[in-house]
Structures are given as structure tokens and as C-alpha cells.
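Step one of this worksheet: look at the structure below.
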Amino acid sequence: MGVLFITGAPGTGKSTIAALLHENLGCPLFEFGWIPEFRQKNPHTILDWEEEEALSIENLLLVTDNYLRHGFDHVILTDIREPYTDTVYNHYAPDNIRLFTLFAEDDDVIRNRVLTRDNGNEYRNAEEAVELNHLFRNRAKLPWEYRLSCDCKTPEEIVSEILKTI
């Protein structure tokens with residue numbers, strides 16, 4: 001199959017869904033935030049924020065391609081900011097990527113999750129998360145994109161839906 005790309009606003013359950021898929025499929029999982037951490041261990045390389053993010057996306061794609069080249073059936077990518085959704089999506093042939101966009105119909109679901117989560121994520125900007133949720137929910141749907149509401153489903157139910165598509 002290839003790349004399972006999980007996207008959505010903060011509070012939609014991207015990390016939880018990706019972790020459950022990782023557990024079910026036994027395949028590599030990469031959250032975008034991990035990639036810049038490698039560069040941060042090298043304080044002598046000076047990059048501005050935009051350069052660092054672009055470099056990180058390119059590195060993530062190279063790592064993903066390498067896993068696929070080495071025979072892994074799936075690689076899970078998540079937590080990539082919206083401006084780079086097209087970059088990742090267009091990097092792969094249509095039959096080698098599935099984009100799963102998580103969203104909430106109810107803004108209060110996002111607010112509550114962002115403000116009360118205890119999974120180690122320190123992001124707490126509920127209003128920004130709601131704005132991002134609107135962006136994901138309302139943007140034009142890409143081919144081979146699956147949109148999954150996270151309002152009334154457990155993470156396990158969402159993972160079950162994803163597994164049926166692959």
C-alpha cells in the first residue's frame with residue numbers, strides 16, 4: 001500500500017490513531033515534530049524556521065522512501081502542518097498513499113480535547129485548534145482522501161475504518 005498519512009487539527013486524535021495503527025500494522029511511524037529534533041542536536045548549523053521546516057519535510061520524505069524501498073508495506077506519517085499536506089501527498093503516486101483527515105463537526109470537542117488532554121502534548125491554544133479544524137473540514141477534498149469525523153467515535157472505531165480502506 002505505502003504511506004498512511006494522518007492529518008487534522010490539534011485535538012482530533014492524530015497521534016492516538018497513528019499509534020494504534022502502528023501497533024496494529026507493526027510498521028514505521030513518524031510524527032513530523034520528531035524530525036527537527038535531530039537538527040536541534042546540532043546547534044552550530046544555523047537555519048531560520050522556514051528553512052528548517054522545509055528541510056525537515058524533505059528529510060522525512062527521504063526516510064519514508066527508504067523504508068518503502070526496504071520492503072515495508074506501510075509507513076505512517078502524522079502531524080505535518082497544512083502547508084505541507086500537498087508536498088507530501090504529491091510526492092507519492094496515487095496508489096501509494098492514503099490521506100486520512102480527522103476533523104470534528106463540533107468545535108467544543110476540539111476545545112475540550114486541547115484544554116484537557118494529558119498525553120504529554122503541551123499545545124493548549126484551543127481557538128487556534130478550532131480554526132485549524134475549520135480549515136481541514138472545509139478545504140477541497142483531495143483525491144484518495146478519507147475524511148473521518150472524530151466527534152462520536154472511539155479511536156479504535158476510527159482505526160477500524162482506516163484498516164478497512166487499506
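The values are calculated or read from the model by the stated rules, or taken from the named source; none is laboratory data. Just so we're clear, the structure is a prediction, and the values are computed from it rather than from any experiment. Cβ placement follows ideal geometry from the backbone for every residue including glycine, while neighbour counts extend to all protein chains displayed.
Can you name every residue in the stretch 147-157 that is in contact with a strand residue (DSSP E or B) (Cβ under 6 Å, 6 or more places away or on another chain) and either part of a helix (DSSP H, G or I) or in contact (Cβ under 8 Å) with a residue 60 or more places away in the chain (or both)?
C150
If we scan the stretch 48-67, do we find a residue that is surrounded by 15 or more Cβ atoms within 10 Å (Cβ to Cβ), polar (S, T, N, Q) and touching a Ser or Thr at 6+ places or on another chain (Cβ under 8 Å)?
The answer is no; no qualifying residue exists.
Of everything in the stretch 98-128, what is of a type in the set (A, V, I, L, M) and under 20 Å from L77 (Cβ atoms)? Give them in sequence order.
Listed by number, the residues that qualify are L99, L102.
So in the stretch 152-166, with the set limited to residues that are of a type outside the set (S, T, N, Q), more than 20 Å from D95 (Cα to Cα) and surrounded by fewer than 13 Cβ atoms within 10 Å (Cβ to Cβ), which one is modelled with the lowest pLDDT?
Filtering the stretch 152-166 for residues that are of a type outside the set (S, T, N, Q), more than 20 Å from D95 (Cα to Cα) and surrounded by fewer than 13 Cβ atoms within 10 Å (Cβ to Cβ), the one modelled with the lowest pLDDT comes out as C152.
I'm told Y67 meets every condition in (1) outside any helix (DSSP H, G or I); (2) more than 17 Å from the chain's Cα centre (by Cα) except one. Can you identify the failing condition by its number?
(1)
Considering only residues that are modelled with pLDDT of 95 or more and in a strand (DSSP E or B), look in the stretch 6-37 and name the one that is farthest from the chain's Cα centre (by Cα).
So the residue we want is L29.
With respect to N138, is the statement that it is of a type in the set (S, T, N, Q) and under 15 Å from F5 (Cα atoms) true?
So N138 does not fit the description; no.
Assuming V75 fulfils every condition listed in (1) touching a Ser or Thr at 6+ places or on another chain (Cβ under 6 Å); (2) outside any helix (DSSP H, G or I); (3) of a type in the set (A, V, I, L, M, F, W, C); (4) over 17 Å from L29 (Cα atoms) apart from one, which condition is it?
Unmet condition: (4).
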